[in-house]
1. Which Rg and Dmax, in Å, describe the Cα atoms of region 615-773?
2. Suppose R0 equals 41 Å; then what is the FRET efficiency for Glu692 and Val189 from their Cβ-Cβ distance, rounded to the nearest 0.05?
3. Residue-wise, which Karplus ³J(HN,Hα) couplings in Hz belong to region 217-229, taking 6.51 cos²θ - 1.76 cosθ + 1.60, θ = phi - 60°, and x for glycine or proline?
4. If a/c stays under 1.5 just call it rounded; otherwise compare a/b with b/c (prolate if a/b is bigger, oblate if not). Do that for region 356-428, with a ≥ b ≥ c from the square roots of the Cα gyration tensor eigenvalues.
5. Determine which residues of region 698-739 fall in the zone a paramagnetic label at Gln679 would reach in this model, i.e. backbone nitrogen under 17 Å from the point 7 Å along Cα→Cβ.
6. When the Karplus curve 6.51 cos²θ - 1.76 cosθ + 1.60 is applied with θ = phi - 60°, which whole-Hz ³J(HN,Hα) does each residue of region 419-424 get, with x for Gly and Pro?
7. Could you compute how much accessible surface Tyr704 exposes when probed at 1.4 Å, giving the result in Å² to the nearest 10?
8. Using bins 5 angstrom wide from zero, how does P(r) for region 295-435 break down, in % of all Cα pairs?
Amino acid sequence: MNRAVVFAAIAATIAIPRSGCSQALFNVDPPSNDLTKYVGPEPMRVLWIAAHPDDEDTNLISWLARGRNVETAYLSLTRGDGGQNLIGNELGEALGVIRTEELLAARRIDGAHQYFGRAYDFGFSKTADETRKHWPQDSLLRDVITVIRAFRPHIVATTFSGTPRDGHGQHQISAIVARDAYNLAADTVRFPVDEFGAPWTPLKFYRLAFFSPQERTLAINVGEYNPYLGLSLQEIAANSRSQHKSQGFGTLIRKGVVWDYLTREDSRVPAPPAKEEASIFAGIDTAGKAIVRDFRTNPPELPLPIEFEAVADRQAVALGDSAKISLAIFNRGRLPIQIPGIKIDGKPRIVLPDSAYRWTQWYVGREISQPWWLATPRSGDLFTPKLSGISEDARELRRGAHILVGSSTTSLLYLHAPIVFHYVDRVRGDVQRPLIIAPAISIALDQAVTMTRSNGPLNQLLKTTLRSALSDSSAVTVTLSLPRGLTADSVSRTVVMAPGSTRTLTFRVRGALPRGTHEIAATATAKGKSYRSGYIPIEYPHINPQRIYRPSTLTINAVDVVLPPRLNVAYIPGVGDNVAPVLRQFVPLTVIDADDLPQTDLSRFTAIVVGPRAYQASQTLQDNNDYLLAYVRNGGRLVVQYGQAEMQRAGVMPYPITLQQRAERVTDENAPVTFTDPQSPLLNSPNRITQEDFKGWVQERATYMPSTFDSHYRTMLAMNDPGEQPNRAAILAASYGRGTYIYVPLALFRQLPAGVPGSARIFANLLGGNTIR
């Protein structure tokens, strides 16, 4: 199935258009998706299996798909929901949406298909046994069997070994399940045909040996230059891997010979001994298969230049409503083409060279546009929709316009075009946005969870965003439902919304709440119907825009927390950082940019907080760090949330620390916590911290914990995962000059946005209280 692959654009930039026109450049049928694909009776297929987005080896995937005409796919068991985010504040399921789109962007470059399992990435785990507590291994196996039987690979490969040396428990499980599925894919008793599809027997099983080249049985030059693409395969791979921008995986392009390595772990065909193999395909009967089309000796045919586009008359259509779509086929070649589905006097419509045919159709919005796996709630750490064996890229192609065309010298070409809305931006020029199907009125609050002091004054601005997908102007009324103890400046407001418009209404909510969990709900009413959910856009330049839906409610946890007097806090944001909006509910807070440190009077702040991984993300912050350290020396209090290796650089922290290459962390969110210094001011002032404050935590206790630290630092907590030695570096506090420096690998950056009460009490102590001496 052609996916808008432009031959010249690949040679110039690798980038393949994500929307707009689709160009038929090769005679391919679904599901093939690559100008390098040759459609023969049965293409050779290779399936790569690992745990997360960015675990795949794009060098070998590009070599297979772009360099050797192999139908290649990557199966990621998860969507990377538990990772961290270097480009924005989305975490959890929202981050999984970003990383899904990043994998699809990578596949558009390296030419492979993309599959996902149903596993939710619950965060870092250290052992396979820990991972099994979250993911029933049999459920994962069923997912992989489903994909193997649908894709029918001749070769299965995995990134990891399935042993503790993989480091991450999810990595181990991905390899274990991959090998089990390779062994069992033909078992129709355990995996019946009516549920999993026809049986399939992969012929060979490989493991990546890039990180253990001494174990390799096969070396492949992935730096091979392809003159027809104008790039080496490693250049393609580097651009593919660089799509993992949320993880900071920009990759260096290397020219010349670049070796990658595989270890053959099993073969069901009479291949040479593993150490004597000259090819990954050795021993496989290639008769009738489109295999190893080496473009150095077998160049691709010139494409038939046809473009197909589908343009909507608006960006959003309400569920059940219809949009007008203008379609066009442009013949940019030298031969006439015909459109069998459009008849003139009983004959297919002919489009002459250098001309176009245009027509219009109506498109009915039948299903809300959203990530399909989020349409229903998770069951524990598994997404609930059943896998169908359809690749994620094929799901993309099902949305949009499709048509068959042909010519006197070619068989029929299958064209696809996403349905987009065009508009002109005076700076960016032509902007294309995919048509979305949405509720007639979407209503979303700017936060889903927050905290406040129990029985203390609450004074919060509640921002409500309305989006209309209606085709006419409509009056929309927003009504708030408030818990007892709260009032609003108005509980109901009405605005008139233009077609396709967005409006923001801000309510001021005041009052006090008793200890416990409370909820504010917002309802939008238009044309006699009520709406209680809305979507949050997820938009970055390198991926297709997406949106996730959530109820229009705000959960408020009222917490018994005492605040130090006369607080005035500055906050320097980090990455994946949602701490400041919660802190603002407790203390006066000013967000400042690292660029502004030299001209900001820092002495007016009683404490300054630096967000997670801020030093890693901002060279400016590193350059201006002397201003922060001077602030501490002059009597200030600096609270720095966790960083990574950059925290070891001279001048970042007042006293040195070291991190192991694989930094220590406590991944069990319920791991016991020992108070090693119960009298520490940070455990007693102004809140007395107890074991109750460590209940209800999410995902992890602490991350990137120093393994050693200077004797100037004081510690007060120790914790560890089962079977490991305690680590005392969850909080490090030191006197520095007349002030206090506090370093916090404790995972408060996850707990505060999740509304965990103890995290607010701990953070209040970090912001004030007695001086550390």
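1. Over region 615-773's Cα set, Rg and Dmax evaluate to 14.9, 43 Å.
2. Working: r = 51 Å, r/R0 = 1.25.
After rounding, the FRET efficiency stands at 0.20.
3. Taking θ as phi minus 60°, the curve returns 10, 8, 10, 10, 7, 8, x, 4, 8, 10, x, 7, 9 Hz for region 217-229.
4. Working: a/c = 2.63, a/b = 1.54, b/c = 1.71.
Judged from the Cα gyration tensor, region 356-428 comes out oblate (a/c at least 1.5, b/c at or above a/b).
5. Flagged as within label range: 714-717.
6. Those phi angles translate into 7, 10, 10, 9, 8, 9 Hz.
7. Surface accessible to solvent at Tyr704 totals approximately 50 Å².
8. 2, 8, 13, 16, 15, 15, 12, 9, 6, 3, 1, 0
The values are calculated or read from the model by the stated rules, or taken from the named source; none is laboratory data. As the structure is a computational prediction, the values presented were derived from the model and not from experiment. Backbone-built Cβ (ideal geometry, glycine too); neighbour counts: all protein chains shown. Just the protein is used for accessible areas: all its heavy atoms, side chains included, with ligands, DNA and RNA removed. Shrake-Rupley method; radii C 1.70, N 1.55, O 1.52, S 1.80 Å.
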